[in-house]
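Below: one structure, written as structure tokens.
The values are calculated or read from the model by the stated rules, or taken from the named source; none is laboratory data. Bear in mind the structure is a predicted one, so any value in this text is a computation, not a measurement. Heads up, the Cβs are rebuilt from the backbone with ideal geometry, glycines too, and the neighbour counts pull from every protein chain shown. These area figures cover heavy atoms from the full protein model, side chains too; ligands, DNA and RNA do not enter into them. Shrake-Rupley method; radii C 1.70, N 1.55, O 1.52, S 1.80 Å.
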Amino acid sequence: MIKLNLFIPITILPLIVSAQLINVTGTPFNNISDFNPNYIKDKNIKSVSMQYASKRDGDLIIDHKIERIYYFNREGEPNQEIYLEKRGESVDSLISLFEFDKHFKLTNQIDRYKKQENHHTIYYNSNGRVKQEILVEKTNKLSDTIMVKTYTEPYSDKHFAKRFILNTENRPFIEQRFYYDSKRRLINLEEDLFITSKRRNKKWHYDNDLLIGISYLDEINNKTKGKYRFEYQNNLQEFIYQYEKEELIKKTAFVYSVDEPTLLEALVIRYPKMEKIEIITLKYHYF
């Protein structure tokens, strides 16, 4: 059950996120960097637990006996995640520990599952972008380096950067191109795979300070083309719509507390094609 949270470089985000728990992304809680440390610090949040359930249209709600718990330090940074899954009388668990630099960029992650331990270390260049990632697996006190990913950046300025991902022979096999707007926000990321000439592209669309959409094209993996559309109410994220080939495949609704309008209480995720609903309920503990 060992899993790794894939790291995504953090860019300057819309000002709106200072008023909510997580940053505006296509898939909330997908990465540890989704959390907004300013909000968590301001609200004095010690931990957030999430319970998962689902139902099909017309059916009863099914509790999946799954819980994720995030713990935060006094600065609002997530320093631990615990994943619990109950199977009858037994409980399966995964513990992840996190460390960040002063810019809230992930530098170290340790994943512990049973007797296995994975150490993921990330190094950055002077521009704040990843220059190397190292993954070490430890089992029964033995260590084995299972991944070394190196990046080189031949060109960069405030509006554009070019970066190559190197293979084990230190030869480029993926080219990445980053485009930024006048507010230094990432607005376009292009990736080309040298060997097969396949490509991937992702664009961020803004309306002043609000991120209103993300469009993507992926010809490297599953050949998908789609987009996310975001809606807000009183400067808080209210809905995420995900489309593929112009068809709605996922709708995420944000449910806030009546007594505390900025406090996220639940996510309700509907999959129209499958006639299925997922429910993620959040509970908070405070310092």
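Observations on the structure shown:
- Candidates are the residues of segment 172-186 that are in contact with a Ser or Thr (Cβ under 9 Å, 6 or more places away or on another chain) and of a type outside the set (Phe, Trp, Tyr); the one that is farthest from Arg129 (Cα to Cα) is Pro172.
- Matching residues in segment 176-200 - criterion: being open to solvent by less than 40 Å² (accessible area, probe 1.4 Å) and either in contact with a helix residue (DSSP H, G or I) (Cβ under 8 Å, 6 or more places away or on another chain) or not in a strand (DSSP E or B) (or both): Asp181, Arg185
- Residues that are closer than 17 Å to Glu133 by Cβ and not hydroxyl-bearing (Ser, Thr, Tyr), drawn from segment 144-168: Asp144, Ile146, Met147, Val148, Lys149, Glu153, Arg163, Phe164, Ile165, Leu166, Asn167
- Of the residues in segment 84-100, at least one is under 17 Å from the mean Cα position of the chain (by Cα), among the small types (Gly, Ala, Ser) and part of a strand (DSSP E or B).
- Near pairs, Cβ below 7 angstrom, 6+ apart or cross-chain, from segment 162-183 (under 21 Å from Trp204 (Cα atoms)) to any residue that is open to solvent by less than 40 Å² (accessible area, probe 1.4 Å) and in a loop (DSSP other than H, G, I, E, B): Arg163/Arg129
- Considering (1) free of Cβ contacts under 8 Å to residues at least 12 places away in the same chain; (2) touching a Lys or Arg at 6+ places or on another chain (Cβ under 7 Å), the lone condition that Asp207 does not fulfil carries the number (2).
- Residue in segment 117-128 that is in a strand (DSSP E or B), open to solvent by 90 Å² or more (accessible area, probe 1.4 Å) and either closer than 23 Å to Ser90 by Cβ or at pLDDT 95 or above (or both) present: yes
- Odd one out for Glu99 among (1) under 27 Å from Asn125 (Cβ atoms); (2) at pLDDT below 95: (2)
- Any hit, segment 144-167, residues being farther than 23 Å from Tyr216 by Cα, open to solvent by 70 Å² or more (accessible area, probe 1.4 Å) and of a type in the set (A, V, I, L, M): yes
- Among the conditions (1) over 30 Å from Leu193 (Cα atoms); (2) modelled with pLDDT under 95, Phe254 misses just one, which is (2).
- Within this structure, Lys131 passes the test of being open to solvent by 40 Å² or more (accessible area, probe 1.4 Å), under 24 Å from Asn167 (Cβ atoms), touching a residue at least 12 places away in the same chain (Cβ under 8 Å) and of a type in the set (Lys, Arg).
- Residue in segment 205-213 that is of a type in the set (D, E, K, R), open to solvent by 50 Å² or more (accessible area, probe 1.4 Å) and over 21 Å from the mean Cα position of the chain (by Cα) present: yes
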